[in-house]
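Before any comments, here is the structure.
The values are calculated or read from the model by the stated rules, or taken from the named source; none is laboratory data. Bear in mind that the values here come from a model prediction, so they are computed numbers and not experimental data. All Cβ positions, glycine included, derive from the backbone under ideal geometry; neighbour counts span all protein chains shown. Just the protein is used for accessible areas: all its heavy atoms, side chains included, with ligands, DNA and RNA removed. Shrake-Rupley method; radii C 1.70, N 1.55, O 1.52, S 1.80 Å.
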Amino acid sequence: MTPSKIQRYGLLYLLAMAIILLLTLLTARLYLDQQKQQLQHNLEWEMRQELQLLGALLGDFLKKHDYQSATNLLQIWKRTRPDIVETRLLASNGFELGGFRRATTSSQALRMSTDIQYAPDASAWLEMVRDLPKTNLVSNQNTAAIGLTVGAVNLAFAVFLWSVYRHKRNSAELKRRSDTIDRLNDHLRESETRLTQTTTYAATLADSIPSTLLAVDPEGRIRAWNSQAETLTHVKLRDAKGHRFDQMMPLLGGQGDKVRRTLEQGSVERSSRLVTVAGGTIRYSDVAVHPLPEEAGGGAIIRVDDISQRVRFEQMMVQSEKMNVLAALAAGVAQEINSPLSGVLQNCQNISRRLDPTLQVNRKTADAAGLDLERMSDYLVRRNIPEFLDLVRDSAERAGRIIADMLAFSRRSSGGFEKVSAAELVETAVRLASSDYEMKKKYNFAQVEITRDFAGNLPLLHCDRTRIEQVLLNLIRNAVQAMALAETPAPRLLVLRLRQDDGDLLIEVTDNGPGMNEETSQRVFDPFYTTKNSEADTGLGLSVAHFVVVEQHGGDLTIDTRPGHGCRFTVQLPLKPDRELAIGGFTTSA
Amino acid sequence: MINAEPGFPGHIEKLLKFPKILVILHLFFPFNRKSTAMMRILAALIVLLTSAAAGPATAADAEGRMILAVHPYLPFQEIRKRFDPLADYLSTILGRNVDVRVGRSYKEHLARIGGDKADIAFVDPAAYVELSGRFGRKPLLARLEVEGRPVFKGVIATREDSPITDLQDLMGRRFAFGDVFSTMAHLLPRYLLQQAGVRLEDFAYYRFLGSSTNVALGVLAGDFDAGGMKEEVFREFQHQGLRPLTWTPELSEHLFVAGNHVPAEQVEKLRSALLRLHHSTKGKRIIQSIKQGASALVPVRNSDYDNLRAIFHKLARDSDP
């Protein structure tokens with residue numbers, strides 16, 4: 001049954017019940033009135049009897065003129081009949097011999113009287129008034145009770161109908177709302193899923209970014225940070241939340257003003273190349289502070305980018321540029337020296353030829369000059385002049401070779417990969433090291449015994465010749481320097497070993513110098529790290545070598561050393577051409 | 001209505017009544033042969049004791065109880081209510097119990113007093129005159145003083161609207177007396193009528209209505225044209241329409257007398273106690289409970305009642321057969 005039908009039938013029922021109630025009340029009222037009349041009739045009869053009885057008793061007293069007893073009887077009557085509101089005994093002359101009067105409790109009363117003839121010429125009048133409140137009240141109460149009962153029953157049923165109607169209506173409404181709620185729940189679940197996905201995506205995105213990200217509230221307290229921040233500070237987000245950002249990340253200690261400006265003004269603040277030292281390592285960072293809009297809760301995002309590697313690259317580039325400039329300068333100087341050197345060499349040869357007594361032209365010219373060429377030759381030999389000339393020539397030739405090597409080195413630094421012999425690379429590096437003035441004079445390179453242990457049938461190496469020669473030169477130079485500075489007793493050994501290990505070529509440079517402790521060996525490839533006190537030592541040699549081998553060739557450069565047991569550097573280079581890496585940062589100009 | 005208390009010791013008498021009968025029966029018809037001797041002795045003792053307690057009341061029994069007799073002018077309960085406080089007071093003074101006894105009738109009351117069956121008695125003036133005349137003088141203790149005066153009077157009253165103006169107008173009328181023994185409601189009004197030359201047969205009819213109240217009501221109701229009543233009753237109903245025709249002579253108030261058997265020392269003690277009663281607040285209350293308006297108990301003499309004696313003498317001499 002639909003709510004509307006229930007409503008309609010309910011109204012009809014109420015109308016019917018109202019009519020029935022009225023009829024019931026009317027009937028009840030008529031019945032009760034009849035009962036009331038009957039009751040009143042009974043009361044009248046009863047009162048008449050009492051009046052007669054009382055009158056008889058009073059008459060007996062009055063006959064004896066015992067008026068006092070008569071009034072006493074009336075007082076007893078008063079006490080025993082609370083429903084009698086008035087009783088009066090009046091003499092025939094109107095004098096009230098006795099009686100009483102009470103306040104009536106009802107508007108209806110029954111009044112009766114009787115004549116008491118107590119003497120032939122004497123009579124008295126007895127009046128009595130009786131209250132009749134209860135009948136009316138009872139009548140009204142009964143009527144009201146019946147009406148209320150019927151009304152209550154009808155009302156209860158009407159309420160029941162109404163409740164059924166409401167229930168039906170509410171059920172329909174409930175179903176409609178339930179459907180709405182279901183839809184809302186589905187939408188909510190979808191939104192939650194999307195939110196979770198978005199949150200996860202954002203978290204993953206934040207964690208995937210190499211930058212260190214912090215989200216702070218308008219008071220500078222940490223709300224969130226990514227995994228890079230956790231790695232940097234070794235503090236979990238749950239422990240960092242709520243703390244000041246500069247307390248949890250000391251490297252941002254000086255950024256309070258910038259963060260405050262961002263929070264207050266909504267501007268983006270940047271700090272470039274912040275220098276911090278952590279564990280003895282210099283670290284460079286860029287810091288950017290971005291404001292967060294109010295809808296995102298306000299505050300700011302602090303991004304910290306570790307630019308240490310870039311700075312090192314830049315420094316390496318600068319150093320490399322310097323090297324390039326020096327190389328170019330050296331090339332230019334070499335070119336300039338080459339000419340006079342050629343003249344020296346040429347003229348030495350000419351002198352040697354002009355002093356040769358075996359040449360006919362020389363004998364003829366000497367005869368013409370009246371010179372005994374053989375006796376002059378003997379004198380020159382006795383004075384070691386030809387040896388001097390040979391030395392000059394050798395030196396010039398050697399200088400020429402050095403210059404040629406330098407020119408060749410500078411011309412060949414084009415950055416391109418080519419197939420080269422590893423042995424050839426090693427020999428070139430040895431030669432460059434031996435011709436190094438500092439190597440010879442300062443570090444006694446000549447006293448170093450170089451041992452070559454080259455495996456046979458080694459395949460050609462696909463590499464940048466110049467850069468690998470530079471790496472090997474650095475390794476050889478370091479070994480010699482180390483042995484010289486440590487005053488390693490003779491023999492000072494330098495072992496150069498070549499061998500193949502699967503797809504890689506291994507070049508080992510081993511010395512019997514002082515070796516390194518663990519700390520030094522772990523930092524030896526750090527840029528600008530050096531154990532020497534020379535101003536000329538930039539500390540970049542091994543870091544550049546590491547970069548060239550690892551970054552540019554995809555290989556590896558390792559060290560094996562112990563204090564007092566020398567040092568072995570192993571350059572591991574891949575033999576396969578597909579491991580050639582893009583070269584950046586190191587270019588040379590001829 | 002007159003209620004009278006059973007004779008002393010009524011309640012004890014009731015209690016002992018049945019056992020005494022049993023004992024007497026047992027004396028002659030023993031129930032248990034074995035204890036006959038003991039039972040006989042016990043029975044004799046009981047009979048002796050109860051016999052001593054039975055019989056007419058005797059004044060001042062062996063335990064020192066005294067009797068205050070009051071004539072039955074009011075219902076018994078009312079009289080007890082009025083006189084018990086005095087009895088308690090006298091008990092305290094005398095150190096003996098004083099019990100109130102109300103005679104079953106006026107005649108019995110007089111007989112009790114005259115026979116010295118009561119230690120103290122409260123009597124009205126007429127009773128005292130009769131008492132003293134019949135039984136001789138009794139020790140006088142004190143008389144009432146009401147509203148400062150030890151005398152009272154009666155009145156012959158009629159209705160306010162009555163045409164009767166004097167006693168002679170009462171001839172052929174209807175007259176009401178109170179109690180036949182009442183001084184103020186009968187004897188004195190009758191005396192006055194007699195003095196006025198009105199005899200009882202001159203009335204259309206006359207009735208004795210038993211109390212001054214009935215007389216007042218009867219007159220007011222129109223059943224009687226006039227009636228004799230106590231002054232206090234007249235005052236009570238005067239506002240309802242009574243008018244005095246004539247007043248009686250003043251008589252000395254009610255009094256307390258003692259029995260001749262009461263030792264003089266005790267008589268003096270009683271007299272002193274009564275006369276100083278009004279000195280205390282409690283005493284005043286005791287006096288006021290005896291009669292409304294009573295203010296004290298004052299000394300009394302036999303001669304205070306001489307005028308009443310003279311009236312009675314005249315009445316007796318001139319009374320109708």
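Of the residues making up the range B:99-107, at least one is modelled with pLDDT under 90, closer than 24 Å to B:Asp306 by Cβ and buried (at least 20 other Cβ atoms within 10 Å of the Cβ). Report yes if B:Ser132 is open to solvent by less than 40 Å² (accessible area, probe 1.4 Å), hydroxyl-bearing (Ser, Thr, Tyr) and under 16 Å from the mean Cα position of the chain (by Cα), otherwise no. Yes: the conditions hold for B:Ser132. Is there a residue in the range B:271-294 that is under 22 Å from B:His109 (Cβ atoms), surrounded by 22 or more Cβ atoms within 10 Å (Cβ to Cβ) and within 14 Å of chain A (Cβ to nearest Cβ)? Taking every residue of the range B:271-294 in turn, none turns out to be under 22 Å from B:His109 (Cβ atoms), surrounded by 22 or more Cβ atoms within 10 Å (Cβ to Cβ) and within 14 Å of chain A (Cβ to nearest Cβ). Among the residues of the range A:376-383, is any under 30 Å from A:Gly566 (Cβ atoms), open to solvent by 30 Å² or more (accessible area, probe 1.4 Å) and not polar (S, T, N, Q)? No; the residues of the range A:376-383 include none that is under 30 Å from A:Gly566 (Cβ atoms), open to solvent by 30 Å² or more (accessible area, probe 1.4 Å) and not polar (S, T, N, Q).
Within the range A:393-431, the residues that satisfy the criterion of being surrounded by 14 or more Cβ atoms within 10 Å (Cβ to Cβ), at pLDDT 90 or above and not small (Gly, Ala, Ser) are A:Val420, A:Leu425, A:Val426, A:Glu427, A:Thr428, A:Val430, A:Arg431.
Pairs are defined by a Cβ separation below 6 Å, a sequence spacing of at least 6 or placement on different chains, a first member in the range A:336-355 that is under 16 Å from A:Ile403 (Cβ atoms) and basic (Lys, Arg), and a second member that is surrounded by 15 or more Cβ atoms within 10 Å (Cβ to Cβ) and at pLDDT below 90; no pair meets this definition.
Could you tell me whether B:Phe224 is part of a loop (DSSP other than H, G, I, E, B), within 14 Å of chain A (Cβ to nearest Cβ) and either under 18 Å from A:Gly98 (Cα atoms) or β-branched (Val, Ile, Thr) (or both)? Here the answer is yes, as B:Phe224 does meet what is asked. Restricting attention to the range A:58-77, the residues that are surrounded by fewer than 18 Cβ atoms within 10 Å (Cβ to Cβ) and more than 12 Å from chain B (Cβ to nearest Cβ) total 3. Within the range A:89-103, restricting attention to residues that are in contact (Cβ under 8 Å) with a residue 24 or more places away in the chain and within 13 Å of chain B (Cβ to nearest Cβ), the residue that is nearest to B:Ala221 (Cα to Cα) is A:Ala91. Checked against the criterion of being within 14 Å of chain A (Cβ to nearest Cβ) and more than 21 Å from the chain's Cα centre (by Cα), the range B:244-251 has no qualifying residue. Put simply, of A:Glu50, A:Glu46 the only residue that is open to solvent by 40 Å² or more (accessible area, probe 1.4 Å), more than 12 Å from every other protein chain (Cβ to nearest Cβ) and over 27 Å from B:Phe224 (Cβ atoms) is A:Glu46.
Note on the range A:78-88: residues that are without any contact (Cβ under 8 Å) to a residue 12 or more places away in the chain and either crowded, with 20+ Cβ neighbours inside 10 Å or within 13 Å of chain B (Cβ to nearest Cβ) (or both) total 0. Summed over the range A:231-246, residues that are farther than 13 Å from A:Ile302 by Cβ and open to solvent by 50 Å² or more (accessible area, probe 1.4 Å) total 7. Remark: pairs (first residue in the range A:181-205, outside any helix (DSSP H, G or I); second residue polar (S, T, N, Q); Cβ separation under 9 Å; 6+ apart in sequence or on different chains) are absent. For the range A:264-362, the strands (runs of 3 or more DSSP E) that sit wholly inside it and include 1 or more residues that are modelled with pLDDT under 80 are A:269-278, A:281-291. Would you check if A:Gln34 is away from chain B (no Cβ under 14 Å) and open to solvent by 40 Å² or more (accessible area, probe 1.4 Å)? Against the criterion (away from chain B (no Cβ under 14 Å) and open to solvent by 40 Å² or more (accessible area, probe 1.4 Å)), A:Gln34 qualifies. Checked against the criterion of being farther than 24 Å from B:Tyr305 by Cβ, aromatic (Phe, Trp, Tyr) and either open to solvent by 40 Å² or more (accessible area, probe 1.4 Å) or more than 11 Å from chain A (Cβ to nearest Cβ) (or both), the candidates B:Phe237, B:Phe181, B:Phe256, B:Phe203 yield just one match: B:Phe203. Considering only residues that are of a type in the set (S, T, N, Q) and in a strand (DSSP E or B), which ones fall in the range A:464-502? The one that is of a type in the set (S, T, N, Q) and in a strand (DSSP E or B): A:Gln500. Taking the stated definitions as given, is A:Ser106 modelled with pLDDT of 90 or more, touching a strand residue (DSSP E or B) at 6+ places or on another chain (Cβ under 6 Å), more than 14 Å from chain B (Cβ to nearest Cβ) and surrounded by fewer than 19 Cβ atoms within 10 Å (Cβ to Cβ)? No; evaluated as a whole, the condition is false for this residue.
The set of residues in the range A:263-297 being within 21 Å of A:Val216 (Cβ to Cβ) and surrounded by fewer than 11 Cβ atoms within 10 Å (Cβ to Cβ) consists of A:Glu264, A:Gln265, A:Pro293, A:Glu294, A:Glu295, A:Ala296.
Considering B:Arg190, B:Arg173, the condition of being charged (D, E, K, R), over 16 Å from A:Tyr67 (Cα atoms) and surrounded by 20 or more Cβ atoms within 10 Å (Cβ to Cβ) is satisfied by B:Arg190 alone. Tally the residues that are under 57 Å from the mean Cα position of the chain (by Cα), at pLDDT below 90 and open to solvent by less than 50 Å² (accessible area, probe 1.4 Å), restricting the search to the range A:433-461. Residues in the range A:433-461 being under 57 Å from the mean Cα position of the chain (by Cα), at pLDDT below 90 and open to solvent by less than 50 Å² (accessible area, probe 1.4 Å): 3 in total.
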